[in-house]
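Below: the structure, in structure tokens.
The values are calculated or read from the model by the stated rules, or taken from the named source; none is laboratory data. Source: prediction; values computed, not measured. Here Cβ is always computed from backbone atoms with ideal geometry, including for glycine, and neighbour counts include all displayed protein chains. What goes into the accessible areas is simple: the full protein's heavy atoms, side chains included, and nothing from ligands, DNA or RNA. Shrake-Rupley method; radii C 1.70, N 1.55, O 1.52, S 1.80 Å.
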Amino acid sequence: MYRRVVIKIGSAVLTDKDGGVSRERIFNIATLVSKLHENGTEVILVSSGAVSAGYSKLQLDRNTIGNRQALASIGQSYLMSIYQKKFAKFGIDIAQILLTEADLDSRRRSENAKRTVDILLKNGVVPIINENDSVATDELVFGDNDQLSAHSTFYFDGDLLVILSDIDGYYDKNPRIYKDAKIIREVRKIEETELVQEVTPHHQFATGGIVTKLKSAKFLMERGKKMFLTSGFNLVDVETFLFTGKYQRGTLFL
Ligand code: ADP
């Protein structure tokens, strides 16, 4: 069993088909976290979805950075209120942690945040991390939660990063374009050429696409940590993987 895992949830996973926050998927995540707790695994979440959640409340034009930051600010508290309700059903408290890149760019600078995270985890609380989108300026932002979650895994001493995406793994080519694309089950080395592909996020609120996921994997692999990329729409694969090490669909980077 894992001692401490970080689970990153992509925007698409948190948004339902009508553009609202998917309460059902958040409930499913709470169920998974509660099972992990019963097994003695500590869980840190990294949650996207603030802009999308904000937009479900107020339809500002998302093309300006100022509006997106305002939407993130509206959506962040709304999203957290839903996490709080769903986790409360399992008797689990949650805590919000908003970070900028500068908070996590070295062991020394991340110490303060780590101390907070350690105290929360020791007390059974689930930290929910997001980038501080509403105030971060362009130069500061990670720009995507994939890399924020990789840094969180490393600096907060996680054993594993799980990325719950709208895609069930890493394919040998873009599966949205090539019907014959095949999922790669295990990756032990990432080539530089894979990191310079066109950035192709699928969902309208997604920012990363596959490249930021590969960069995150590389960052962790170079530091002896693992990353598992799988679908967040159905949590069977991630659950089986976390409890048995086996999986039907997903990509393990190690
Ligand atoms: P999330 O919101 O979960 O972070 P993204 O949309 O940012 O999701 O990234 C996942 C998307 O990356 C997939 O849905 C797919 O459209 C795209 N993609 C491009 N190339 C690949 C590939 N080789 N394997 C998997 N997904 C890919």
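Starting from residues that are of a type in the set (Gly, Ala, Ser) and over 17 Å from the mean Cα position of the chain (by Cα), keep the ones in the stretch 5-24 and report whichever is surrounded by the most Cβ atoms within 10 Å (Cβ to Cβ).
Gly20
All but one of (1) near the ligand (Cβ under 10 Å from one of its atoms); (2) within 18 Å of Gln147 (Cα to Cα); (3) hydroxyl-bearing (Ser, Thr, Tyr) hold for Tyr171; which doesn't?
Of the numbered conditions (1) near the ligand (Cβ under 10 Å from one of its atoms); (2) within 18 Å of Gln147 (Cα to Cα); (3) hydroxyl-bearing (Ser, Thr, Tyr), the odd one out for Tyr171 is (2).
Kindly indicate whether any position in the stretch 75-85 is assigned to a strand (DSSP E or B) and open to solvent by 40 Å² or more (accessible area, probe 1.4 Å).
No; the residues of the stretch 75-85 include none that is assigned to a strand (DSSP E or B) and open to solvent by 40 Å² or more (accessible area, probe 1.4 Å).
Taking the condition closer than 25 Å to Asp157 by Cβ and buried (at least 21 other Cβ atoms within 10 Å of the Cβ), does Val51 pass?
It is false that Val51 is closer than 25 Å to Asp157 by Cβ and buried (at least 21 other Cβ atoms within 10 Å of the Cβ).
Cβ-Cβ distance below 6 Å, separation of 6 or more or different chains: which pairs start in the stretch 36-48 with a residue that is open to solvent by 20 Å² or more (accessible area, probe 1.4 Å) and end on one that is not in a loop (DSSP other than H, G, I, E, B)?
If the second residue must be not in a loop (DSSP other than H, G, I, E, B), the pairs left are Glu42/Arg4; Glu42/Leu121.
Only residues that are more than 12 Å from Asp133 (Cβ to Cβ) and either among the hydrophobic types (A, V, I, L, M, F, W, C) or open to solvent by less than 30 Å² (accessible area, probe 1.4 Å) (or both): list them for the stretch 86-111, please.
Across the stretch 86-111, the qualifying residues are Phe87, Ala88, Phe90, Ile92, Ile94, Ala95, Ile97, Ala102, Leu104, Ser110.
Quick check on the stretch 125-158: of everything there that is open to solvent by 30 Å² or more (accessible area, probe 1.4 Å) and either in contact with a strand residue (DSSP E or B) (Cβ under 7 Å, 6 or more places away or on another chain) or not in a loop (DSSP other than H, G, I, E, B) (or both), which residue is modelled with the lowest pLDDT?
Here the residue is Val141.
Can you name the residue in the stretch 222-245 that is open to solvent by 40 Å² or more (accessible area, probe 1.4 Å) and either in contact with a strand residue (DSSP E or B) (Cβ under 6 Å, 6 or more places away or on another chain) or of a type in the set (A, V, I, L, M) (or both) and is also farthest from Ser152 (Cα to Cα) among such residues?
Val236
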